[in-house]
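Colleague: My questions all concern the structure below.
The values are calculated or read from the model by the stated rules, or taken from the named source; none is laboratory data. Just so it is clear, the structure is predicted and the values come from calculations on it, not from any experiment. Neighbour counts run over all protein chains shown; Cβ positions are idealised from the backbone, glycine included.
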Amino acid sequence: MSVVGMSGISFVGPRNEIEEIALNCLKYENFEPMKPDVMLEHHPLNQRFETFKGNRYDALIEKLDELWQRAELPTPKPKIVTRLPLLHFEDLAERIGGVTRVMDAWRAKLSELQSEREKCRVRLSFMRVLNEIGHKFSKLSKTPYVAVTLGTLTEDNWQRLHETSLAAPFLPMRIEDSEYEKEKDRETDMWADNIMVAALYGHNYREDMNKIFSSVHMRVVQFDKEEYEKYDNIDAAYYQLETVESEIELCMKTPARFVADNRMELEKLYAAIYTKQRVESLWRHHAEMSDVYVLSGWMPTDDCYWMNKLITEKMSKTMIITEKDHVLQKERWEIPTLLHNLPFIRRFQEIVRLYSLPSYGELDPTFVVALSFCLFFGFMFGDVGHGLALILGTFFLEKKGLMGSAIASVMRASGASAMLFGVLYGSVFGNEEIIAPLWLSPMHSVDSILPVSIGVGVAFLSLGLCFKIENSARREEWGEAFFSPEGLIGLVFYWLAVGQTAVLMGDNPADALSPQFFTVTMVTLFVVMIFGNGVAKLIVHEKVDDGGVVHVFSVFHAMLNFLSNTASFVRLAAFALNHAGLCGAVFMLSEMVENVPGGKIYHAIVMLIGQLIVIGLEGMIVFIQTLRLEYYEFFGKFYRGGGREFAPVLWKRS
Amino acid sequence: MASIGGGGIAGSAKAKARRGTLLSPEEMSALLEQQTVSDIVDRLRGGSFDVFLGRLSADNIRRGELEFLLDISILAEGLIFRPYADAQDRNLLDLWIESFDIELIKNCIRSLIGGSQSEHISTDSALELVSGFRLTLVDQDRLLAANSLREIILSIKKESLRLALSAALPSALENLSPDDMKDLDRAGFQKAIFDFVTTLDRYYLGALYEAAKDMGGEKGRAVRMLVGARVDLTNLYWIYRARRFFGLSPEEALTLILRARYHADFDILTKFAFAEPNVMASALVGTIYSGIFEFNEEDGKNVALREMRLESRVSKMLLSVAERVFISGSQGFQNVLAYLTLKEFEIRDITAIMESVRYGFDKNKTAMFLIRASRSLEKEMN
């Protein structure tokens, strides 16, 4: 269980070698770039470097992505192109130019057809409206006093037009036509959200109206005299619309045809541009001075060694500058955190991450969380059937996209633990008569399960205190490690108190420490904690915390916490009993309904619903309780968190 | 009776306390006396602007970067009050802060048209100064990389705004690069850009006013006063500019305005739009905005002076509304918005002083047009 050691690293060399390095980093996804002035803050050359950002290849890759999207094909999954230095931006841009020309021509054609379609629809719609009042479309071209303009515009612009008409001599009418609405194809129709409008005004007001239409961005549909006559008949108008729709359908297939005809070349081009884009993402913070390039970032220390070897062997003109983590920590740089755990443990990183990522240098609690989470969950939810149902349910939810894969993994592990404890408790779907308990049945062994849960709590809290001591030692905060209530003194105090209590309440109370010795020892330890600041200052020349009254209160608070945190673990037993009790209640209810007519069916229904409630509701409650024990009782003892996740540039674009 | 949560009172108290940190007229006067912009920046360092101006190089203060950093400081002020706000207030505050996104979009449009991209290099690092801030309206990287108006539109996340801007953008201008734009007919082009920019403002003020409409009690009344005054003055100002500078007809001018209304209802706006450009002020007689658009003979001759005087009056009107909220003694989130308004005008005054010093403008005239400090400064100068 570990937070991976990091180093700050800068590569200084010619462009082609730096690009090669970037390609390597991309291949192994082990490099998080940072601004060069971070690493080279004190370097005399720092002031002379120009920094750049912006990825030129974004625009190129987007054009290709658009092509594939228009072709309704999945974008290719490119492999790294290794002959990178031979590809220049200008060459690639030129090759993309060909694609762009095709797309531009296609877009222009499609736009033209869509405008034509909109015109056809507006005409058809208005023709239907005119037909209802017994007028022909061609009459619009011959009105002696009133001009009519048809068009479409957004709802917001319609409101503006309508309001302006209150102060101007024109009458706008919104045309509601259900056929028009149905005919809209929202996928291909750019103006699908526009509404249709007819505006009536005097002929002498035409020029002003045109300005108003322009002001409200109305898409005016204009017809010449010939069109008025030609499409006076609704059938002809329908035919015209169908013709245009077919042309649009054909036009929509152009990108797919283009991709099919040029597939290999386009895929090669895509791979090349994709690789370049990823490389430029990686060195987005690079700096440049003449022909010298600087690339800085974070890299796992082990990988720095291999990178150094590679550069020494193959890149004679490149220099590496490395800063070790402890140096950077002293200078207060925020070093990113990368966790490295075994596959089973890795799934529990999400639980830790939910709280906060460990800061660099802090102990990674994931391993302990993995084991303890399963232990606590199983303890409180122990049942073979319920555990199995939880596992299957999680698979289902994950497949449906209702649960993330990390949490699903955690729940499956917890479900397996619940099954294990089910075997120990002898419980299968709440029935304790199918298998015999390998350990104990919670409902029948309250006196045994309670002390066990307290014992688990003591062990867990002690582990938390040990982690605190370790973390403090890593930060060289010796005062905190030894003399604070959560340090070594506190740990001894706690164990003495617990041990004495356990012996006194056990079978041989006479074995307990003598009251005088116990009291003197405890008081001494307590006094040391109270005067922890003074003691720490004397011995290790450090403070423990703020000191004074605050410190005294914090000691008392810590003592109370020992008690309350320990007592908190009673919930392990409590929820185990709760689980058994709920199952018992479900069985009882199902037996009650068995005696009525159709009782077997009701019995099955009550049983099913009851089991689902137990699994769902109790499962959720137990999950929350487990989280609470982890976050509050355990993390509260030692964990600072606040780490920033290591974010290397990945091959796959996000 | 409107209930005021603890957060509202705390935010209100903080706003009143921070009001005391705004630069006094004496301090503004001292800034006006400086010889160079670097001297002004030096004087501002060490105060509330230190965290933003501290990064500037004394030898090479770029105007765009400096103004951007000052704008950031208003943003930071707004974010300070977020923890004190309940859900409704936070929504309003977030909308208020969206003005930063709107200004960034406008700056990008100006850069695109003007051809200067260099001011945005520092945007990223400048925004890092304001922790917890995210641009909500727009994808920052995409916006800053945009090379055409269409690309600017595509960088906008909010669909309603994106559609509105798409509708406002003439297809001829969509994909033009900055080089292509230089060859266009200026008048038509400027009208198109004016349309574009007013669409942004319409969206912003409209959303703000809608949020203010839902607020109840004393807080709602005060917030509507703050936002409503902006809405009214924006409508009047747009009609004025449309009629005066773009030669639009009254009807066209009326199509530009926001649909939100406060005191200046549609009748008043119609009268204003249909009045002859030289006597537009007569349409506002009897309203609270009378006097703003009144000009004397001297103003008639000097267009630049007239426009500066008008802008100053509009700003002072908004300032007086904000001051009135404080004077009323009410407790609530309205005091936060009032304070942010005062802060905004403080920044504008500082920017005006910097312009004045940079270009050697007459200090007396500059003092006349300052928003917060002008009355005291005028006396001092005279």
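Colleague: In the stretch B:228-275, how many residues are out of contact with any Ser or Thr (no Cβ under 7 Å at 6 or more places or on another chain), within 11 Å of another protein chain (Cβ to nearest Cβ) and aliphatic (A, V, I, L, M)?
Modeller: Residues that pass the stated criteria total 6.
Colleague: Follow-up. Residues of the stretch A:275-296 being in a helix (DSSP H, G or I) and in contact with a Ser or Thr (Cβ under 9 Å, 6 or more places away or on another chain), which ones?
Modeller: A:Thr275
Colleague: On to the next question. When A:Gly98 is evaluated against the numbered criteria (1) away from chain B (no Cβ under 14 Å); (2) within 51 Å of the chain's Cα centre (by Cα); (3) surrounded by 17 or more Cβ atoms within 10 Å (Cβ to Cβ); (4) assigned to a helix (DSSP H, G or I), which criterion, by number, is the only one it fails?
Modeller: In the conditions (1) away from chain B (no Cβ under 14 Å); (2) within 51 Å of the chain's Cα centre (by Cα); (3) surrounded by 17 or more Cβ atoms within 10 Å (Cβ to Cβ); (4) assigned to a helix (DSSP H, G or I), A:Gly98 misses (3) alone.
Colleague: Looking only at the stretch A:280-291, decide whether some residue is of a type in the set (Phe, Trp, Tyr), modelled with pLDDT of 90 or more and touching a helix residue (DSSP H, G or I) at 6+ places or on another chain (Cβ under 9 Å).
Modeller: no
Colleague: Within the stretch B:125-144, count every residue that is modelled with pLDDT of 75 or more and outside any loop (DSSP other than H, G, I, E, B).
Modeller: Residues flagged as modelled with pLDDT of 75 or more and outside any loop (DSSP other than H, G, I, E, B) within the stretch B:125-144 amount to 6.
Colleague: Output yes when any residue across the stretch A:638-652 is in a helix (DSSP H, G or I) and crowded, with 19+ Cβ neighbours inside 10 Å, and no when none is.
Modeller: Yes: one or more hits.
Colleague: Filter the stretch A:293-320 down to the residues that are within 34 Å of the chain's Cα centre (by Cα) and β-branched (Val, Ile, Thr), then identify the one that is nearest to A:Arg474 (Cα to Cα).
Modeller: A:Thr301
Colleague: When you look at A:Glu288, is it over 30 Å from B:Gly247 (Cβ atoms) and away from chain B (no Cβ under 14 Å), yes or no?
Modeller: no
Colleague: Taking B:Glu210 as the residue in question, decide whether it is at pLDDT 85 or above, over 27 Å from B:Glu67 (Cβ atoms) and within 13 Å of chain A (Cβ to nearest Cβ).
Modeller: So B:Glu210 fits the description; yes.
Colleague: Right, here's the next one. Taking the residues in the stretch A:174-223 that are modelled with pLDDT of 80 or more and in a loop (DSSP other than H, G, I, E, B) as candidates, determine which candidate is surrounded by the most Cβ atoms within 10 Å (Cβ to Cβ).
Modeller: Ranking the candidates gives A:Met218 first.
Colleague: Just wondering, is there one or more residues in the stretch A:260-268 that are of a type outside the set (S, T, N, Q), in a helix (DSSP H, G or I) and farther than 30 Å from A:Glu90 by Cα?
Modeller: Scanning the stretch A:260-268 turns up no residue that is of a type outside the set (S, T, N, Q), in a helix (DSSP H, G or I) and farther than 30 Å from A:Glu90 by Cα.
Colleague: Another question, if that's okay. For the stretch A:9-16, check the following and say yes or no: at least one residue is within 30 Å of A:Thr301 (Cα to Cα), surrounded by fewer than 19 Cβ atoms within 10 Å (Cβ to Cβ), at pLDDT 85 or above and of a type in the set (Phe, Trp, Tyr).
Modeller: no
Colleague: Please list, ordered by residue number, the helices (runs of 4 or more DSSP H) wholly in the stretch A:437-546 having 1 or more residues that are in contact with a Leu (Cβ under 7 Å, 6 or more places away or on another chain).
Modeller: Result: A:446-474, A:478-483, A:488-505, A:515-530.
Colleague: Within the stretch A:464-481, does at least one residue satisfy the condition of being farther than 17 Å from A:Leu572 by Cβ and among the hydroxyl-bearing types (Ser, Thr, Tyr)?
Modeller: The answer is yes, given that some residue of the stretch A:464-481 is farther than 17 Å from A:Leu572 by Cβ and among the hydroxyl-bearing types (Ser, Thr, Tyr).
Colleague: Surrounded by 18 or more Cβ atoms within 10 Å (Cβ to Cβ) and farther than 27 Å from B:Leu112 by Cα: which single residue out of B:Leu233, B:Leu256, B:Leu205 fits that description?
Modeller: That would be B:Leu233, the only listed residue that is surrounded by 18 or more Cβ atoms within 10 Å (Cβ to Cβ) and farther than 27 Å from B:Leu112 by Cα.
This table checks each residue for (1) over 27 Å from A:Val369 (Cβ atoms); (2) surrounded by 18 or more Cβ atoms within 10 Å (Cβ to Cβ).
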residue: A:Val549; (1), (2): yes, no
residue: A:Ser554; (1), (2): no, yes
residue: A:Ala580; (1), (2): no, yes
residue: A:Gly598; (1), (2): yes, no
residue: A:Met620; (1), (2): no, no
residue: A:Gln625; (1), (2): no, yes
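Colleague: Same structure again: For the stretch A:143-162: of the residues being surrounded by fewer than 17 Cβ atoms within 10 Å (Cβ to Cβ) and more than 19 Å from A:Val129 (Cβ to Cβ), which is nearest to the other protein chains (Cβ to nearest Cβ)?
Modeller: Per the criteria, the residue is A:Gln159.
Colleague: For the stretch A:236-260, name all the residues that are under 18 Å from A:Pro74 (Cβ atoms) and not hydrophobic (A, V, I, L, M, F, W, C).
Modeller: A:Lys253, A:Pro255, A:Arg257
Colleague: Here are the criteria: (1) out of contact with any strand residue (DSSP E or B) (no Cβ under 8 Å at 6 or more places or on another chain); (2) buried (at least 19 other Cβ atoms within 10 Å of the Cβ). Tell me which single one A:Ala436 does not satisfy.
Modeller: If we test A:Ala436 against (1) out of contact with any strand residue (DSSP E or B) (no Cβ under 8 Å at 6 or more places or on another chain); (2) buried (at least 19 other Cβ atoms within 10 Å of the Cβ), just (2) comes out false.
Colleague: B:Gln34 fails exactly one of the following numbered conditions: (1) within 29 Å of B:Leu205 (Cα to Cα); (2) surrounded by 15 or more Cβ atoms within 10 Å (Cβ to Cβ); (3) at pLDDT 85 or above. What is the number of that condition?
Modeller: Here B:Gln34 meets the rest and fails (1).
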